[in-house]
């Protein structure tokens, strides 16, 4: 770091090369940290299977921590794979597998009938990505760069799609509130109607997601080159490669192998986590919604946190926004429908009726993120504003009693 | 269509002349189609008056279809008249008579005491215009042109006026919910208070509309030249004339004659429609709100659908937006107040208290349209997003029971 | 005014010098008017202390009017002081003392246990500033200038902070509605929980305000030079000085002296006002919420009205917006937390639970102001739209019964 290399003229506001080296150094410092957490994987296995060590709270916490590096490796493998296969398929890859860890956790919870935790983790992922992840990104980037710019059209399409998702998540709850005032004989609320309404809405959302992929990967991909709103595994991979000093991405064979191994372990640890969540909840005195909205959502998104924040600190705000907004979109328009479909396969259909505080939290988040992203520029105080909203929503969910 | 004419250099992204001819050809193809529907007018008359053919469902459906070409002719006549009388008066003309068909249908429903259908058709027109019409326009135009631009200031003034309207429509419902918790003796809810509140609000809206006309037709008309937010009958007429290959607009005498004739027939068929709606509803198993929000609103706006979509396909997105947003504005700030005033003349005052799902639908629509129109550009996925919101709102209203 | 002075070329759309002289003349005309109201101060003292003149309604009205010129002098003194001490400290000064009059009135009300009036004056100040003050400013300025521009980034940061505030004010009410459905034994609503939730939220808001000051006074002050979102007492003072024809601002000693004297009288008259409010309310038949939202809020903000409107008419729209939005922000993120902290000192803690109509009013106001300020330009019809929303909210609060 003693010799100054020529400035990268890509951006006028990019800090001189020695600061970049510091970023590389800190990123390398982070990388061993995440891998160090892998030690929690065998600890989780031990806690789960050795008789006499039957402590749900410990198993829950250890499993949560163990997921983080595993999800990180799933992400790495996806990025290297995307870099090998090119931008188009890379984008599609991230668009479908970007939230694989959360999907796996949710499927296990669904199979155990924990519908409340599943729904809470859906809303928690949405607000966690657009408030916590984006807030930390704006803050971290804004402390380094006075002002950061991003493509307004891409951000706008994402924000509007999130609004559509928020409206869709709001309607089944409205339906219940209104329809239960009417006697069943005169057409009032029944669980079957709530289910059919949810299924119909979810089909519309899924179709919209497919068309959104068509828009951003095919017809208007020029808008998203380097600005992939699905997270652009290709670009992120390239950025990481630069930062980590590697010249070549992994081979397809190596990427797929690592991806499958990591996925297998995520599935294993998720099974532990979900098996222990009810016990841990009661011991810690947390509600189902709080666990879903705050805990499961943060753990499931933890690997993406570092990506988005890193991108912001490297002044690639489009990538950062793409990761955060794209992930929320994927949860709402792809993962949630998938989970509803899966619930039918499991034999106990899940509807889309969320608790009122969850609906309010999603609407509030979508409203403030639309304001913040509509002008195409960001600064550190906007990061603080997003984090403040996340904080007060967290406070609300902490005080709320169990839903009845 | 075999020789290429020199490109119209008005817009860089305008397709070559042969595509324009195809549009002309398809528009001419559409024109005979709408006129063909006129055959339903005598069918409606027959169904209504011939004894033994007393089928409310059939009469309702036939009347609905018959309104479409009649409303179309009312629109044509208004446009030709506006072209003759110049932009100023033409704008004023469209600003007051643009929704004449819906106003007539609503007045008949009001006279029969069908307050619920009237209110539902108000909300249905608002959301139908800004979600269905605008969505189809963005989609149709976006499939042809990668990106379409429109004047942000004009769109912004309209979207903000719609927000004002949405707030105004929300407050009487809030008043009822809150005030009915309090005993009447201590100032709680009474029908008289709801009525007075509604009347006061409606007067403010009407005054705001008058001032908005002053803004867009007088003080800031330069913003709207070619971009008339009331629909710019003048411009639309000019566009149609170009497309239809006519050189001259109709004479004032011919326009007025056709306008009066069409209006008379719309009144006649509306009387049939409203007389049959209750019977048809029960047979088809549809609620009053669903009929108002989906059916009556689409029928009443059907003629405007073709205008707005045509304009989008001819890359005149300002006109398209003007028709859609302007129509919604007119319903909320002009037609709704007129109907409330008329209800006093009919002897049974109508208030502005809408059902909760209607309020939620209007708020959601206004929110998403403000997002979409604030950046001054549109693409096909935004059209899909608007149509998706319309679809899930329609699904909600399909499942909702009759309001009690 | 008989000789034309050379045009001030500061702004292309600035009217010629003789119109500026007219503004100076009218401002000078205003100044004696405000001072003339000072006669109500001794009248208030007389009404309060002379036995036999015990009329709460009269005392309330006279005290209200007496506050206006006193708050005006507090404002003058703050501005002159800010001009003397420079922009940085001047901004800080206005950021903390800009709403001193309302803070004093609210502290007296708090000490008398009138929590409802205090909360209503908080919401009333917020919506009064962003609807009434800003509406009058846009209207007055827009009648003079076709179009006025302002810095979008600064307006955007303020509007987003207001959204954060609106969300924070909404959550305690949501908590009450949801938690009271659950029995206390199972974690349901208790006053203590409501209080702790409110306190936690208020701490987050206070911290956010401190960071916002850091943003606008230190790290990004270039954005706000001349555009101080806290009202820029420095700039406003300079503008007034120009208008009033004074060369020099008052000495620090004179400013402090006048500030302290005015503050003392404001405290005195506030004590009268709060002591008489309950009696006046019952006589006039107004609810606690109406008095707080409309009356107290207008009186407390009256001095700022003239500043913001004057700035708009002098085409300094950034200052105007800064005064209006900045004042609302200060109420929500600084004054409200201060009042909650003070309530603990007074021994009867006040929570942040507002009535549903208050929450709806704040959300509606923040929503429409975000729309209107996001494009960086204003015109007269936007002023009308803001005033219309204020009018219909006022109508709602007039009809609402006393909250129970």
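Averaged over the residues of B:203-216, the number of partner chain Cβ atoms lying within 10 Å of the residue Cβ comes to 3.
Cα gyration tensor of region C:258-324, axes a ≥ b ≥ c as square roots of the eigenvalues: rounded (a/c below 1.5), prolate (a/b > b/c) or oblate? Oblate shape, in that a/c is at least 1.5 and b/c is the bigger or equal ratio.
Would you work out the relative contact order for region B:61-218, in percent, from Cα pairs under 8 angstrom that are 6 or more residues apart?
Values: 47 pairs, mean separation 25.6, N = 158.
It comes to 16 percent, rounded to a whole number.
Where chain B is carried onto chain C by rotation, the Cβ closest to that axis, with its residue and distance in Å, is B:374, 4. By definition, a body whose alpha carbon gyration tensor gives a ≥ b ≥ c is prolate when a/c is 1.5 or more and a/b is larger than b/c, and region C:281-404 fits this prolate description. Mean per-residue shielding of peptide A:183-193 is 2, counting Cβ atoms of other chains within 10 Å of each Cβ.
A Förster radius of 56 Å, combined with the Cβ-Cβ distance separating residue C:345 from residue A:256, puts the computed FRET efficiency at roughly 0.30.
As a proxy for reagent exposure, ranking B:305, B:76 by other Cβ atoms within 10 Å from fewest up yields B:305, B:76.
Inter-part distance, region C:111-130 to region C:48-84, computed on C-alpha centroids, equals 18 Å. When B:219, C:212 are arranged by Cβ crowding within 10 Å, least crowded first, meaning fewest neighbours, the order is B:219, C:212. Distances from residue C:282 to itself in the other copies, using label points 7 Å out along the Cα-Cβ axis, amount to 5.5, 5.5 nm in increasing order.
Using the number of other C-beta atoms within 10 angstrom as an exposure proxy, rank C:350, C:311 with the fewest first.
Values: C:350 22, C:311 27.
With the fewest neighbours first, C:350, C:311 line up as C:350, C:311.
The Cα center of region A:153-171 and the Cα center of region C:307-323 differ in position by 35 Å. Projecting 7 Å from Cα along the Cα-to-Cβ direction, the label point of residue C:181 sits 1.5, 1.5 nm from its equivalents in the other copies, listed shortest first.
Within 10 Å of each Cβ in peptide B:383-390, how many partner chain Cβ atoms are there on average? Round it to a whole number, please.
Working: counts 1, 8, 9, 2, 2, 14, 8, 1.
Mean shielding by partner chains, rounded to a whole number: 6.
Here is how far apart the residue A:347 label points are across copies: 6.5, 6.5 nm, shortest first, using a point 7 Å from Cα toward Cβ.
All of the numbers you see were taken from the coordinates with simple rules; none came from a lab. The model shown is predicted, which means the values in this text are computed figures rather than measured ones. All Cβ positions, glycine included, derive from the backbone under ideal geometry; neighbour counts span all protein chains shown.
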